[in-house]
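Below is one structure, written out as structure tokens; the observations come after it.
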Amino acid sequence: MTTVDGSVYVPYEKRSGNESIVYFTRDLSAAGLAKAYESVNGNICGKTGVKLHTGEQHGPNIIPHAWVESLMKNEPELKDACIVETNTYYEGDRYTTAQHRETLKVNGWTFCPVDIMDEEGTALLPIKGGKWMKEMSVGSHMTTYDSLVVLTHFKGHVQGGFGGSNKNIGIGCADGRIGKRWIHTHEGEDQWSVSKEELMERISESSKATVDFFGRHITFVNVMRNMSVSCDCEGTAAAPVVTPNVGILASTDILAVDQACVDLVYAMKEEDHHDLVERMESRHGLRQLSYMKELGMGNDRYLLVDLDNDHQLISREEAVAHVVPFVQE
């Protein structure tokens, strides 16, 4: 099978298949986050985890903790929920559980329990149809949850090209020592030896293990704000933000919500999206999208529903028509 080139963007009109619903609001606030979440929360029940990238210490671009606190305190099914995370594969502020808990305090994630899911070991989840891996090692605590809310800061990524919902759970639910090594490193080779198309495929296979585990009880919210080309794992070393803020997107389809975010970036003016597009294409990050489709994880065609205007359908161009340059808050 010929691997799709992850450096090439596929325009919407060249895609085929079914369409999913993606909800969109321009309201970048706690209220906007609640509006987006409430459009896709119908199957969230029981013991619930909220999967965030909580960031390295003092990271400037993470989702504001006050927004997440408001969401979790005001949505009935999230009042007893936990933020869920795993330790990192790289040696940084979240490499060990002790370091991780200190970083959580520094970054303000203190308003609810935070479950570091690999604190007490790992569990194996099957990957149906994977070509690189047949199972993924995740934090053992993940299997105790009934539902998962994937709350993602959409941005660039130094290796993945971009970090959306797929990266948030593909890397973020894999445990820090085994699962993340399976994704990033060939057996017997130097750390981080996997790159480009193969890396995107491994991330997506890992993500599929989590998506399949939760079935209908998983939902996805992407926040397109402070979109540096750097991931939040780079903390204060992240590249300056030059891409305009857009809004918040939500769907029960992981591929549709990530594809919609990518499409919104491409719909911007050249001067607004140049850096982020270059990051996606140079890392072959678009292979995340095409491989998710091959794995049957969702649709790359969708209807964009405007939550700010009576649920009217809008185009990608209309959604970014009023973006403004980033201003540091």
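Could you give the DSSP H helices of the chain that reach 27 angstrom or more along their long axis (alpha carbon positions) and whose average Kyte-Doolittle hydropathy is no lower than -1.0?
Values: long enough: 196-214 (28 Å, -0.58).
Flagged H segments are 196-214.
By average Cβ neighbour count within 10 Å, what is the ranking of 232-240, 8-16 from highest down? Present the calculation step by step, with values, prior to reporting the outcome.
Details: 232-240: 17.2, 8-16: 11.7.
Result, highest mean Cβ count within 10 Å first: 232-240, 8-16.
Filter the cross-link list LYS73/LYS293; LYS47/LYS180; LYS73/LYS128; LYS208/LYS269; LYS47/LYS167; LYS155/LYS208 down to pairs whose alpha-carbon distance in this structure exceeds 27 Å. Intermediate results must be reported in sequence, preceding the final value.
Values: LYS73/LYS293 35 Å; LYS47/LYS180 25 Å; LYS73/LYS128 36 Å; LYS208/LYS269 33 Å; LYS47/LYS167 23 Å; LYS155/LYS208 21 Å.
As for pairs spanning more than 27 Å Cα to Cα, those are LYS73/LYS293; LYS73/LYS128; LYS208/LYS269.
Relative contact order for the chain using alpha-carbon pairs under 8 Å, separation at least 6, rounded to a whole percent?
27
Given the peptides 219-231, 49-61, 97-109, arrange them by the average over their residues of other C-beta atoms within 10 Å, most packed first. Walk me through the intermediate numbers first.
Values: 219-231: 25.5, 49-61: 21.8, 97-109: 16.6.
For the peptides 219-231, 49-61, 97-109, the packing ranking is 219-231, 49-61, 97-109.
Determine the distance separating the Cα centre of segment 177-224 from the Cα centre of segment 248-288; give it in Å without decimals.
18
Could you tally the net charge around SER7, taking each other residue with its Cβ under 15 Å from the Cβ of SER7, Lys/Arg +1 and Asp/Glu -1? Don't skip to the end; give the middle numbers.
Working: positive: LYS196, ARG279, ARG283, ARG287; negative: ASP5, GLU197, GLU198, GLU201, GLU278, GLU281.
Once all neighbours under 15 Å are counted, the net charge is -2.
How far apart, in nm, are the 7 Å Cα→Cβ label points at ARG101 and GLU317?
So the label points at ARG101 and GLU317 sit 5.5 nm apart.
Work out the length of the dipole vector of segment 220-292 about its Cα centre, built from +1 on the beta-carbon of each Lys and Arg and -1 on the beta-carbon of each Asp and Glu, and round it to the nearest 20 debye. Intermediate values should be presented prior to the final figure.
Working: 5 positive and 11 negative charges, 28 e Å.
Taking the Cα centre of segment 220-292 as origin, the dipole is about 140 debye.
Just need the relative contact order of segment 76-148 here, percent rounded to a whole number, with Cα pairs under 8 Å and 6+ apart. Don't jump to the answer; show the numbers that get you there.
Numbers: 87 pairs, mean separation 19.4, N = 73.
Computed over segment 76-148, the figure is 27 percent.
Normalising by the residue count of segment 27-86, find the relative contact order in percent from Cα pairs under 8 Å and 6+ residues apart.
On the way: 45 pairs, mean separation 28.5, N = 60.
Reported relative contact order: 48 percent.
Of GLY32, ILE314, THR48, which is farthest towards the positive pole of the chain's charge dipole, taken about the Cα centre with +1 and -1 on the beta-carbons of Lys, Arg and Asp, Glu respectively?
THR48
All of the numbers you see were taken from the coordinates with simple rules; none came from a lab. Because the structure is a prediction, the values reported are computed rather than measured. Neighbour counts run over all protein chains shown; Cβ positions are idealised from the backbone, glycine included.
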